[in-house]
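Beneath this line is the structure, given in structure tokens, with notes to follow.
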Amino acid sequence: MGERAFRIINYAIIILLCLSVILPFLNIFALAFNPGKDAERGGIYFWPRIWTLDNFNKVFEASNIASAFGISLFRTIVGTVSSVVLTGMAAYALKSKTLPGGKFFMMLIFFTMLFGGGTIPYYMLLSNLHLTNNIWVYVIPSLYSAWNLIIFRTFFQQIHPSLEESARIDGYNDLSIFMRVIMPLSRPVIAVIGLFTAVGHWNDWFTGAFFVRKASLRPLSTLLQEMLTSAEAMRNTLYQAAGTNKYQLLDKIQVTGNSLKMATIIVVVAPIIIIYPFVQRYFAKGVMIGSMKE
């Protein structure tokens, strides 16, 4: 009886947690596919009252939306692959107990997680390196992550050393061992860190807004953020001018700042939702199970 009650409570909590994630997203979906002027009148929760693509048409009306998408795609692919490989190589070197000064280097890496130089010194550093107003500002500064390095290092330490010893007997050097032995066995951690890194690149609007002045180098997230800011500013200005005639003003517009915001969220989140099922299985289990026999 006690076990059955525990299961019921456990399932109830899980269902509530799932609903807390799913219901807000359904609300975003409904508002994104509903006309803005109709949504402003309220009463829309989990399903559009009137179906429309006007909000998405407004998002894709921007003249440089194609180039912004290309920049986001470039930085996500190149930045993620480069970061995963280089961070993994650094972690593989630091996981060795015989590395001279290994503990000292790990202390320095951990120190960077506790303290930062601030935005202005960071901007001055990027400027001196000629990375501002440059497409590589999206890739080079984020090549290494202290947190990801620690995760990689911890995972590599769990791989049995006999695998490396066998590879060395076969004539493999350190780079060959890393690429041919360690990396194939590290698919779970690579998938997790790769996904988190890709999401960070895809959603990052701050770098494009503060460190890049050329409109042609702005990523999709920065462009959409600028569109949202402009739409909200115009909405507030019109509402202030309309005064009590708010609903008469809504009859003259189709897309509001709020509906544009919801459509933007769908555009930004959709690629991640599409990719996630392909790496989901690596979150639950690894490929090391059963690979070793002593």
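Counting other Cβ atoms within 10 Å, which chymotrypsin sites (Phe, Trp or Tyr not before Pro) in the range 138-213 have at most 13 and lie in a DSSP loop?
Sparse-neighbourhood loop chymotrypsin sites (Phe, Trp or Tyr not before Pro): none present.
Would you order K214, K95 from fewest to most other beta-carbon atoms within 10 Å of each residue's own beta-carbon?
Listed from fewest to most nearby Cβ atoms, that is K214, K95.
What is the sum of charges, Lys and Arg at +1 and Asp and Glu at -1, for the other residues whose Cβ falls under 12 Å from the Cβ of G88?
On the way: positive: K95, R153, R187; negative: none.
Here the charged neighbours net out to +3.
At a Förster distance of 30 Å, what's the computed FRET efficiency of F115 paired with Q157, Cβ-Cβ distance as r, to 0.05?
0.70
Round to the nearest 0.05 the FRET efficiency obtained for F104 and L73 when R0 = 41 Å and r is the Cβ-Cβ distance. If you can, show how the numbers build up before the last one.
Numbers: r = 39 Å, r/R0 = 0.95.
E between F104 and L73, to the nearest 0.05, is 0.55.
Stretched out fully, how many nm does the piece from L23 to Y123 gain, at 0.36 nm a residue minus the Cα gap? Present the calculation step by step, with values, prior to reporting the outcome.
Numbers: separation 100, 0.36 × 100 = 36.00 nm, distance 3.99 nm.
The span from L23 to Y123 would gain 32.0 nm if fully extended.
Enumerate the calculated ³J(HN,Hα) couplings along the range 101-111 in order (Karplus 6.51 cos²θ - 1.76 cosθ + 1.60, θ = phi - 60°), each rounded to whole Hz, writing x wherever the residue is Gly or Pro.
Rounded to whole hertz, the list is x, x, 5, 5, 5, 5, 5, 5, 5, 5, 4.
Tell me, what HN-Hα J-couplings in whole Hz come from the Karplus equation 6.51 cos²θ - 1.76 cosθ + 1.60 at θ = phi - 60° for each residue of the range 32-46, using x for Gly and Pro?
Once rounded to whole Hz, the list reads 5, 9, 10, x, x, 5, 6, 5, 5, 7, x, x, 10, 10, 10.
At 0.36 nm per residue, minus the direct Cα-Cα distance, what do I140 and S216 gain on full extension? Give it in nm, one decimal, please.
Separation in residues times 0.36 nm, less the Cα-Cα distance, equals 25.5 nm.
Given H placed 1.01 Å from N in the peptide plane, which residues other than close sequence neighbours of T132 have an amide H under 5 Å from its amide H?
S127
Around T76, what is the net charge, scoring Lys/Arg as +1 and Asp/Glu as -1 over all other residues with Cβ under 15 Å from its Cβ?
Taking every other residue near T76 into account, the sum is +1.
Are there any chymotrypsin sites (Phe, Trp or Tyr not before Pro) in the range 53-120 that are in a DSSP loop and have at most 11 other Cβ atoms within 10 Å? List them by number.
For chymotrypsin sites (Phe, Trp or Tyr not before Pro) across the range 53-120 that sit outside H, G, I, E and B with at most 11 neighbouring Cβ atoms in 10 Å, the list reads F115.
In nm, to one decimal, how far is the modelled label at R4 from the one at L16, with both set 7 Å along Cα→Cβ?
Each label point is offset 7 Å from its Cα along the Cβ direction, giving 2.2 nm.
Since every read-out is calculated from the coordinates, none of them should be taken as a lab result. Remember, predicted model here, so these are calculated numbers, not experimental data. FYI the Cβ positions are ideal-geometry reconstructions off the backbone, even for glycines, and counts take in every protein chain you see.
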